[in-house]
1. Rounded to the nearest 500, what is chain B's calculated 222 nm mean residue ellipticity when only DSSP H runs of at least 4 contribute -39500 (n - 2.57) each, over all residues?
2. What residues of region B:238-258 lie in the reach of a label at B:GLU307, counting those whose backbone N is under 17 Å from a point 7 Å from the Cα along Cα→Cβ?
3. For A:ALA32 and B:VAL108, what does the FRET efficiency come to when R0 = 35 Å and r is the distance between their Cβ atoms, rounded to the nearest 0.05?
4. Which residue, chosen from A:VAL109, A:ILE126, A:LEU292, occupies the Cα position most advanced towards the positive end of the dipole of region A:17-326, where the dipole is computed from +1 (Lys, Arg) and -1 (Asp, Glu) charges on Cβ about the Cα centre?
5. Sort A:GLU77, B:GLU36, B:GLU83 so that the residue with the fewest other Cβ atoms within 10 Å of its own Cβ comes first and the one with the most comes last.
6. Note down the net charge around B:ARG226, summing +1 for each Lys or Arg and -1 for each Asp or Glu among other residues with Cβ under 13 Å from its Cβ.
7. Size of the dipole of region A:17-326 about the Cα centre, Lys and Arg at +1 and Asp and Glu at -1 on the beta carbon, nothing else charged, in debye to 20?
8. Quick check: the angle from helix A:123-134's long axis to the longest principal axis of chain A, C-alpha only, nearest 10 degrees?
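Each reported figure results from applying straightforward, stated rules to the coordinates on display, with no laboratory input. Since the model is a prediction, treat every value here as computed from it, not as a measurement. With ideal geometry, Cβ positions are generated from the backbone for all residues, glycine too; neighbour counts draw on all protein chains shown.
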Amino acid sequence: MSPPERRASPAAGTPLLEVSDLTKHFPVRRGALGWSTTLVRAVDSISFRLEPGTTLGLVGESGCGKTTTSKLILGLERPTSGAIRFEGDDVVSLDAAGRRHYRRAVQAVFQDPYASLDPRMRVGAIVAEPLVINTELDGGARRRRVAELLDLVGLPARAAELFPHEFSGGQRQRIAIARALALSPKLVVLDEPVSALDVSIRAQILNLLRDLQKRLGVSYLFIAHDLAAVAHMSHTIAVMYLGKIVECGDADAVALAPQHPYTRALFAAALPVDVDGKRDETLVAGEVPSPLAPPSGCRFHPRCPHAMPHCATEEPTLRTAADRLVACHLY
Amino acid sequence: MAVPVIEVKDLHTHLVTRWGTVKAVDGVSFSVGESETLGLVGESGSGKSMTCLSIVRLVPRPAARIVSGEVLLDGEDLLARSEREMQRIRGRKVAMILQDPMSSLNPVFSVGMQVREPVAAYHGLRGRALGRRAAELLAAVKIPSPAARLRAFPHQLSGGMRQRVVGAMAIAAPPRLLIADEPTTSLDLTIQAQYLALLKELQERHRLAMIFVTHNLGIVARMCDRVAVMYAGRIVEMGPVRELFTAPAHPYTRALMESVPRLGARRELLTAIDGQPPDLAKLPPGCAFAPRCANVMERCRVEAPPEIAVSAGHATRCWLHVPA
């Protein structure tokens with residue numbers, strides 16, 4: 001029962017990544033002719049911080065805004081409002097040089113290693129591509145770096161000569177990880193990195209990611225729907241529902257003693273791999289409402305077993321309760 | 001156990017590919033009784049889905065062929081039926097729920113038309129009685145305002161609702177055997193919990209025998225009475241759920257259980273299974289799991305282990321358990 005190693009922040013007090021009041025709205029055309037538009041509040045004023053060398057787990061059901069959050073952090077979408085600060089600097093207002101530096105420092109590994117690797121490139125070229133674009137290394141130095149990276153993720157050096165189709169799913173995900181690490185990033189966004197893999201392979205990849213974090217001190221933003229895997233990997237967990245963070249705190253605290261009714265329902269629905277475990281049947285009724293017309297007040301109130309009259313009118317803010325932040329009128 | 005509804009005996013299904021003949025299902029035997037759920041667990045390519053397709057004789061032809069074996073539904077061998085007779089059995093006696101509801105629903109027909117079709121075929125209902133029965137079926141799978149939903153098209157429903165519609169069509173007869181092939185994999189967690197509760201309820205009401213294919217051990221622990229673990233086309237271990245979870249006999253089952261992260265049991269590293277899933281076209285002689293097994297012995301690499309009883313109703317294919 002030893003929690004993963006925590007590293008002290010280099011510039012004392014400055015988190016690696018600090019997101020404050022981050023908001024992303026997408027306009028959606030409606031009506032027969034598409035003349036009227038409404039807004040989807042995909043991410044609505046969320047805040048969190050990520051310390052160097054740690055993992056933040058982001059969980060929630062489809063449509064809750066996890067992937068939009070990761071796209072905002074990767075710079076693939078521009079926020080509507082709010083700030084993303086990386087090592088203290090606001091990412092949105094960076095100049096070209098700062099932006100290049102940021103892109104090198106933040107990398108990603110996606111869910112499907114069959115889609116994220118170019119089938120016509122040799123593995124060596126795939127892993128070397130970030131080096132070609134971003135560094136001045138010559139051919140020999142690049143080859144040495146590629147060999148080093150392949151070794152780091154547990155692939156033989158001859159893998160560089162092969163094509164992606166010659167590898168199984170788990171090995172392909174290792175290639176994707178090697179590519180993400182090529183520029184020695186400080187943050188890697190892991191968007192469902194093991195969901196596409198076979199059960200017996202998932203543990204290998206999760207172990208590899210943990211080991212790499214320990215050796216390289218890299219931070220992870222870990223997005224997954226497998227709650228036990230998130231709890232295993234993360235130092236901090238943030239739970240999202242319809243674009244809002246409803247609970248955020250220490251991974252063990254959130255996973256083992258969830259406070260928000262939605263978190264409780266979510267963790268109860270994540271069936272334990274245990275025949276004798278307590279069967280806490282807190283089934284939430286209904287489905288996730290459309291983000292086009294989120295409920296008033298607390299967005300979870302129509303499905304909440306503890307809903308009170310003022311939940312429908314007043315939106316709860318994140319407040320400290322039981323060592324973590326919870327957005328619920330119960331606390 | 002009561003009289004089995006479905007009994008599969010020594011089923012062999014082969015796939016002819018460019019790389020040679022692949023034994024997708026290699027001597028699988030099991031039975032499922034009324035109101036009983038058998039979990040089929042295994043990785044992709046282990047033969048779970050191919051076993052299910054063999055039962056309803058819908059293996060992809062011409063590549064796949066059921067080579068030998070028996071599939072007894074209430075005592076009659078489905079492999080000996082004609083194609084015409086099979087059409088009357090599929091849906092009426094044996095229903096299936098697949099992973100993606102859109103592969104079972106036709107996007108250009110309304111929900112009502114699709115739910116009415118099996119009802120009309122099985123029960124000969126027409127007109128208003130047919131509409132009423134269709135609405136009852138939607139109500140049985142807990143779809144709110146069923147009468148209005150009958151006019152909806154699949155794309156207007158959420159994933160959970162679509163899977164409920166598929167569930168309604170599956171119990172239209174109601175069948176004797178329900179095969180659920182990863183029915184909740186595409187659903188969100190809270191919706192998955194609702195759907196599993198619904199399946200249990202339908203099973204109890206109609207006393208269905210159920211084969212539940214999944215790779216999620218949490219679902220197995222919740223839903224199944226017995227589990228069969230498949231590896232490379234064979235059942236390597238089968239037994240009551242509790243025994244399999246508390247005292248797994250086969251090294252593969254044990255490794256699977258240990259490799260899954262658990263809530264509340266924080267460990268530095270997970271116990272990973274080495275190596276890659278087997279390539280069915282190039283299986284080693286002997287036990288297929290031997291190259292990845294932690295307890296491998298000389299014998300494992302030469303000779304395939306037979307089925308060995310560990311306790312009553314619990315058997316495994318592993319040389320470790322051969323009586324001395």
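1. Numbers: 10 runs with 98 residues, N = 324.
Only helices count here, giving -9000 deg cm²/dmol.
2. B:238-241, B:244, B:249-250
3. Values: r = 20 Å, r/R0 = 0.58.
Here the calculated transfer efficiency is 0.95.
4. A:ILE126
5. Going from least to most buried by this count: B:GLU83, A:GLU77, B:GLU36.
6. Working: positive: B:ARG242; negative: B:GLU36, B:ASP225, B:GLU237, B:GLU243.
Here the count lands on -3.
7. Numbers: 36 positive and 35 negative charges, 148 e Å.
That gives region A:17-326 a dipole magnitude of about 720 debye.
8. 80 degrees
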